[in-house]
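Step one of this worksheet: look at the structure below.
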Amino acid sequence: LRAFAGGRLSVPEGGAEVLPGLLARALPPGTVRTGVRVTSVSTTSVTTAEHGVLRCRAVLLATDARAAAELLPGLRVPGFHPVTVVHHTTDDPGPALSTGTSLLLDADRGGPVAHTAVISNVDPSRAPAGRTLISSTVLGTPPEDVDAAVRTHLSRLYGTPTNRWETLAVHHTPDAVPATRPAYDPHRPVRLLAGLYVCGDHRDTPTLQGALHSATRATTAILTDLGATSSMHLADPPATMPRAA
């Protein structure tokens, strides 16, 4: 929330799933393979279930902590904090939902919702046609009837009845955020061996920014170990890229 308050908020237009596609489009054709299950990694190869062994000069494992530990036995797996996201829609937003692109917080903590937003005000493509989409986040273990509890809380936050809102989806992620218990090292090593690297929010601060920062540290280590001084691919990014909403 500190980062939310101190910086500019954004969401990828069309949903988070568009981000891998944007990254892939900036690389030479055939660079990215999808739907491939990795069974083991080493400093010089990646073994897959579908395509056998792929030889390489270095391996960067960019996964969540549990998946990384399955491929790298002995890698520390932290505890986790759960997160639940509840999506509601309505065809009658009314003036109460005229919050623009603001993120609404409950400073009094009067219910389970940590923050909520009328996300269709930011990215209309995320909402069903003709409807308004409200997305709300619950941190920690959710109440037993999370939808009812969230509706009650949102009614107070937005100052409008929510009983006619439609529940579009409830997404609960038990291992959403790595726990940072004392004494936590926010800069865990990303270079395990020369040729074998790992990154993710479990190697840095448990945030998207931390995951990206660990990736920067890991790629810097790879380039240094390989004696490279700049990007290792020559593809130019597409002239037009979808914007962040």
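Each reported figure results from applying straightforward, stated rules to the coordinates on display, with no laboratory input. As the structure is a prediction and not an experimental result, all values here were calculated from the model. Here the Cβ is made from the backbone with ideal geometry for all residues, glycine too, and neighbour counts use every protein chain on show.
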Starting from the Cα of residue 184, step 7 Å along the direction of its Cβ; do the same at residue 70; then give the gap between the two resulting points in nm.
2.4
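Counting pairwise Cα distances across region 123-187, what percent come out greater than 17 angstrom? Don't jump to the answer; show the numbers that get you there.
Working: 1176 of 2080 pairs.
Tail of the P(r) past 17 Å holds 57 percent of the pairs.
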Counting only C-alpha contacts under 8 Å and six or more residues apart, can you give the relative contact order of region 6-125 as a whole percent?
16
Diffing region 155-172: the Karplus 3J(HN,Hα) column from phi (6.51, -1.76, 1.60, θ = phi - 60°), in whole Hz with x for Gly and Pro, holds 4, 6, 5, 8, x, 8, x, 10, 5, 9, 5, 9, 7, 7, 6, 10, 10, 10
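Given the rule -39500 (n - 2.57) for each run of at least 4 DSSP H residues, summed and divided by the residues of the chain, what is its mean residue ellipticity at 222 nm, to the nearest 500 deg cm²/dmol?
On the way: 5 runs with 51 residues, N = 245.
Counting only the DSSP helices, I get -6000 deg cm²/dmol.
Using 0.36 nm per residue, how much length does the chain from residue 39 to residue 56 gain when fully extended, once their Cα-Cα distance is taken away?
Working: separation 17, 0.36 × 17 = 6.12 nm, distance 1.54 nm.
Extra length available between residue 39 and residue 56 comes to 4.6 nm.
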For a Förster distance of 45 Å, can you work out the FRET efficiency between the beta-carbons of residue 228 and residue 115, rounded to the nearest 0.05?
0.65
Counting alpha carbon pairs within less than 8 Å and at least 6 residues apart, what relative contact order, in whole percent, applies to the chain?
24
Find out how many positive minus negative residues lie around residue 15, taking Lys and Arg as positive, Asp and Glu as negative, among other residues whose Cβ is under 12 Å from that of residue 15.
-2
Residue-by-residue Karplus 3J(HN,Hα) for region 202-209, coefficients 6.51, -1.76, 1.60, Hz, glycine and proline x:
7, 10, 8, 5, x, 9, 4, 4
For residue 58, net neighbour charge (Lys/Arg +1, Asp/Glu -1) across residues whose Cβ lies under 12 Å away
+2
May I ask you to derive the FRET efficiency for residue 164 and residue 104 from their Cβ-Cβ distance with R0 = 25 Å, giving the value to the nearest 0.05?
0.80
Per residue of region 34-45, what does 6.51 cos²θ - 1.76 cosθ + 1.60 with θ = phi - 60° give for ³J(HN,Hα)? Whole Hz please, x for Gly and Pro, Karplus curve as stated.
10, x, 10, 9, 8, 9, 6, 9, 9, 6, 10, 7
Amide H to amide H under 5 Å from residue 168: which residues, 5+ apart in sequence or cross-chain, H placed 1.01 Å off N in plane?
87, 88, 89
Have a look at 79, 227, 15 and tell me which one the Gaussian network model of the chain (Cα, springs below 10 Å) gives the largest fluctuation.
227
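Find the Cα radius of gyration of region 81-178, compare it with 2.2 N^0.38 Å by division, and give the number to two decimals.
On the way: Rg = 12.7 Å, N = 98, 2.2 N^0.38 = 12.6 Å.
Relative to the 2.2 N^0.38 Å estimate, region 81-178 comes out at 1.01.
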For region 81-178, what does the relative contact order come out to in percent, with C-alpha contacts under 8 Å and a separation of six or more?
46
Among 167, 102, 150, pick out the residue whose Cα is farthest towards the positive end of the charge dipole of region 65-169, where Lys and Arg carry +1 and Asp and Glu carry -1 on C-beta, about the Cα centre.
102
At what distance in nm do the modelled label points of residue 16 and residue 32 sit from each other, each positioned 7 Å from its Cα along Cα→Cβ?
1.6
I'd like to compare 59-72, 23-36: which one has the highest average count of other Cβ atoms within 10 Å, and what's the full order after that?
59-72, 23-36
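Calculate the dipole size of the chain relative to its Cα centre from +1 charges on Lys and Arg beta carbons and -1 charges on Asp and Glu beta carbons; express the result in debye to the nearest 20.
On the way: 21 positive and 20 negative charges, 137 e Å.
That gives a dipole near 660 debye.
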What span do the alpha-carbon atoms of the chain cover on each of the three principal axes, reported in whole Å from largest to smallest?
60, 46, 37
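How many percent of DSSP beta bridges within the chain run antiparallel, rounded to 5? Let's see the in-between values first.
Details: 33 of 37 bridges.
Given both bridge residues lie in the chain, the antiparallel proportion sits at roughly 90 percent.
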